[in-house]
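The values are calculated or read from the model by the stated rules, or taken from the named source; none is laboratory data. Just so it is clear, the model here is predicted, and its values are computed rather than measured. FYI the Cβ positions are ideal-geometry reconstructions off the backbone, even for glycines, and counts take in every protein chain you see. The area values use the complete protein model at the heavy-atom level, side chains included, leaving out ligands, DNA and RNA. Shrake-Rupley method; radii C 1.70, N 1.55, O 1.52, S 1.80 Å.
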Amino acid sequence: MRIIVVDNYEEMSKRAALMVASQVTLKPDSVLGLATGDTPSGMYKELIKLYNKKEVDFKEVRTFNLDEYYGLNPENSQSYYKYMMNNLFNSINISTKNINMPDGMAKDVDDFCSLYEKKIKTLGGIDMQVLGIGGNGHIGFNEPNINFEAQTHLVNLDEQTIEANSRFFKSIEYVPVKAISMGIKTIMNSKKIILLANGLNKAEAIEKAVKGKINPSIPASILQLHNDVTIIIDKEAASLL
Ligand code: PGA
């Protein structure tokens, strides 16, 4: 694991955007694994700036998102589909046909999940996966005590996650209790991984993920076994290392 500690959120976002842009420059048809949440939104802003300066071109890029709430229509303002459109896709030249998101409205979820996995494989696997981390150590929506062997599947959200994400909803009762998420195995099969974290509320999860035992109670700890992980964190998130 390579750990880069930066001064603040802005620096984290810039460093991460440069890594993604370099990946796309080296391989214009890269398959990117993308994350949602507050953590990567600054990185997306920086990528849009680089795109506007013609320093990166997304014409051939293919993307797969990590997760989506189950039961939320893509048009719902809190869907991750909307997040991606608003935070990145509407502002760059990615082709709609190259965007892949878990379908929160899938009728046959198992069928959808196996097709998602198949499509990732058919495109040659994920070249670079961007991850945030939950305060409980989750990556994607792989909550504590997840099966490390799982691929894309339907998950029950942890109470801590529902509580944390309720800030985006009218009230906690509106937060979906299930989601479709890439599994740990899907994430571990990515060729490169970048994990971002900022703020004191992520310090404990980062400490356990980086220095703790590899244990399903901290899903991100499995990343210790991946051979190309870069962790970009601000001083606060690094404060317990
Ligand atoms: P956040 O979420 O970026 O909104 O803090 C991260 C996560 O839960 O994975």
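Data for the structure
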| read-out | value |
| --- | --- |
| Any hit, the range 189-197, residues being without any contact (Cβ under 8 Å) to a residue 24 or more places away in the chain, of a type in the set (A, V, I, L, M, F, W, C), in contact with a helix residue (DSSP H, G or I) (Cβ under 9 Å, 6 or more places away or on another chain) and within 15 Å of the ligand (Cβ to nearest atom) | no |
| All positions within the range 64-84 that are in contact with a Pro (Cβ under 9 Å, 6 or more places away or on another chain), at pLDDT 95 or above and either aliphatic (A, V, I, L, M) or open to solvent by 70 Å² or more (accessible area, probe 1.4 Å) (or both) | L66, Y70, Y81 |
| Looking only at the range 100-112, and only at residues there that are out of contact with any Leu (no Cβ under 7 Å at 6 or more places or on another chain) and open to solvent by less than 50 Å² (accessible area, probe 1.4 Å), the one that is nearest to E68 (Cα to Cα) | P102 |
| Positions within the range 128-150 being among the polar types (S, T, N, Q), away from the ligand (no atom under 11 Å from the Cβ) and surrounded by 17 or more Cβ atoms within 10 Å (Cβ to Cβ), in sequence order | Q129 |
| Test: residue in the range 30-39 that is more than 16 Å from the ligand (Cβ to nearest atom), open to solvent by 20 Å² or more (accessible area, probe 1.4 Å) and outside any helix (DSSP H, G or I) | no |
| Failed item in (1) within 16 Å of the ligand (Cβ to nearest atom); (2) assigned to a helix (DSSP H, G or I); (3) more than 20 Å from K14 (Cβ to Cβ), with M43 passing the rest | (3) |
| Candidate set from the range 175-188 (those that are in contact with a helix residue (DSSP H, G or I) (Cβ under 8 Å, 6 or more places away or on another chain) and surrounded by fewer than 22 Cβ atoms within 10 Å (Cβ to Cβ)); member that is nearest to S79 (Cα to Cα) | V175 |
| Within the range 22-36, tally of residues that are in contact with a helix residue (DSSP H, G or I) (Cβ under 8 Å, 6 or more places away or on another chain) and either over 23 Å from V6 (Cβ atoms) or modelled with pLDDT under 95 (or both) | 2 |
| Some residue of the range 49-63 being open to solvent by 20 Å² or more (accessible area, probe 1.4 Å) and within 16 Å of the ligand (Cβ to nearest atom) | no |
| Unique residue being over 27 Å from V20 (Cα atoms) and either modelled with pLDDT of 95 or more or more than 16 Å from the chain's Cα centre (by Cα) (or both) when the list is I146, I94, I187 | I146 |
| Hits in the range 201-239 (condition: under 22 Å from E163 (Cβ atoms), open to solvent by 20 Å² or more (accessible area, probe 1.4 Å) and free of Cβ contacts under 8 Å to residues at least 40 places away in the same chain) | E207, E236 |
| Index of the failed condition, L123 passing every other in (1) more than 16 Å from the ligand (Cβ to nearest atom); (2) at pLDDT below 95 | (2) |
| Hits in the range 29-79 - residues which are touching a residue at least 12 places away in the same chain (Cβ under 8 Å) and hydroxyl-bearing (S, T, Y) | S30, T36, T39, S41, Y44, Y51, T63, Y69, Y70, S79 |
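Per-residue answers, yes or no, for (1) among the β-branched types (V, I, T); (2) assigned to a loop (DSSP other than H, G, I, E, B); (3) free of Cβ contacts under 8 Å to residues at least 12 places away in the same chain:
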site	(1), (2), (3)
Y81	no, no, no
N86	no, no, yes
K107	no, yes, yes
C113	no, no, no
K121	no, no, yes
N147	no, yes, no
Q160	no, no, no
